[in-house]
Every structure is written in C-alpha cells, then in structure tokens.
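Below is one structure, written out as structure tokens, with a few remarks after it.
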Amino acid sequence: MAFTESTMLELGTKAPDFTLPDTVSGKHISLKDIASDKATVIMFLCNHCPYVIHVNPEIVHVAKDYQAKGVGFVGISSNDAENYPQDGPDKMKIHAAEVGYPFPYLYDETQEIARAYDAACTPDFYVFDKDLILVYRGRLDDARPKNDNPLTGKDLRAALDAVLAGESVSETQYPSGGCNIKWKVG
C-alpha cells in the first residue's frame, strides 16, 4: 500500500454536483439529497484500504454525533472495481452494513466525481458550509494504523463545531493520508 496524501482542494470551492448510485438503498442520490442547511461532509472511502478500516469506527461515531445536529454525510468510493473487485458496489453494500455506516455509500464508477473533488486518497474528508462552500478538507485526526495516536476525529470535529457555531474554520488544516484512489488505466 502506497501512502498518499490528499491534494487539499482550495478552500472556498463550491461543492461539485453529483448524482450517484447508493449501494445501500439502490437509489440514485444527488448532492442536493444529502446537503444540509448547516454543513455537509463528503468522504472518499473504500472497502479494503487499511487506513479507512482503521478509522471506520470513528467515522461512524462522528457521523452519528453530527447527524443528530443536522449535518449531512455521504461516503463515495471511486476505486476501479474491475481491477479491485473488493471495492465493487456489491461488496460496498455488505461493507456498509458490517461497519454500520449511517449514511449513503455511493459508487463513482466513472471516477468523474473523485476528479471533480480532486480526491487523491482514501480516506479523504471535505466539509462544506450551508452554502456548499468548502471550509475544511483533510484528515479525520492524526491516528494511523501504525501509530499509537487514539481515534478522536478531532480535526473533523473541530471543523464541524466551528461551522455549527457560525465561526470560521481554522485555516491550519492537515492533509488526510491513506491508499491512493485506484484509478482506471486507459
């Protein structure tokens, strides 16, 4: 597994629109379906990446904590399912149930949405304000599979707390890191 950091999309970017199939419900979900009038979190995830597996419990905790406060959440997998069948839509549905994702888990087969968000790795986190303007991008926290830092979600939680309080999010933001998105070749 090659460690890849997020590319840190420019703050102030408007959330690119999308409509993708939800592997959990079988419905097509668009940005407007999950967007909140408080904040919206878009996460690029996948099933097999050890970095995602490591943070999954805290992703679930953060989502549950902040959904209760009106924040919208969605997970998107953009990995090439032909070459990485463990990340295909059928396996995504099973994975979401096993992990307990309390949000839609969408499949970006064309990888156009990952490119629109300049996503580079899994996991990769984006927080948009009520106007769908990017105010945070980067990591969940500083926990990684091979360090002893506890899973707290502190970076993502701090950004969400600031948005919910009507305050500016700190511009000191650290890239997420994990497995590179498995891009289609050719």
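The values are calculated or read from the model by the stated rules, or taken from the named source; none is laboratory data. The structure displayed is predicted, hence computed values, not measured ones. Cβ placement follows ideal geometry from the backbone for every residue including glycine, while neighbour counts extend to all protein chains displayed.
Points worth noting:
- The condition (being of a type in the set (A, V, I, L, M, F, W, C), over 16 Å from the mean Cα position of the chain (by Cα) and more than 21 Å from GLY153 (Cα to Cα)) is satisfied by just one residue among ALA15, ALA81, ALA68: ALA81.
- Residue that is nearest to ALA39 (Cα to Cα) [pool: residues in segment 49-103 that are of a type in the set (A, V, I, L, M) and part of a loop (DSSP other than H, G, I, E, B)]: VAL71
- Some residue of segment 129-150 being among the hydrophobic types (A, V, I, L, M, F, W, C), at pLDDT 95 or above, assigned to a helix (DSSP H, G or I) and on the phi < 0 side of the Ramachandran plot: no
- Given (1) more than 18 Å from GLY153 (Cβ to Cβ); (2) in contact with a helix residue (DSSP H, G or I) (Cβ under 9 Å, 6 or more places away or on another chain); (3) assigned to a helix (DSSP H, G or I), index of the condition LEU20 fails: (3)
- Test set (1) in contact with a Lys or Arg (Cβ under 8 Å, 6 or more places away or on another chain); (2) free of Cβ contacts under 8 Å to residues at least 60 places away in the same chain - ARG115 fails condition number: (1)
- Scanning segment 106-134 for residues that are crowded, with 23+ Cβ neighbours inside 10 Å and of a type in the set (S, T, N, Q) turns up just one, THR122.
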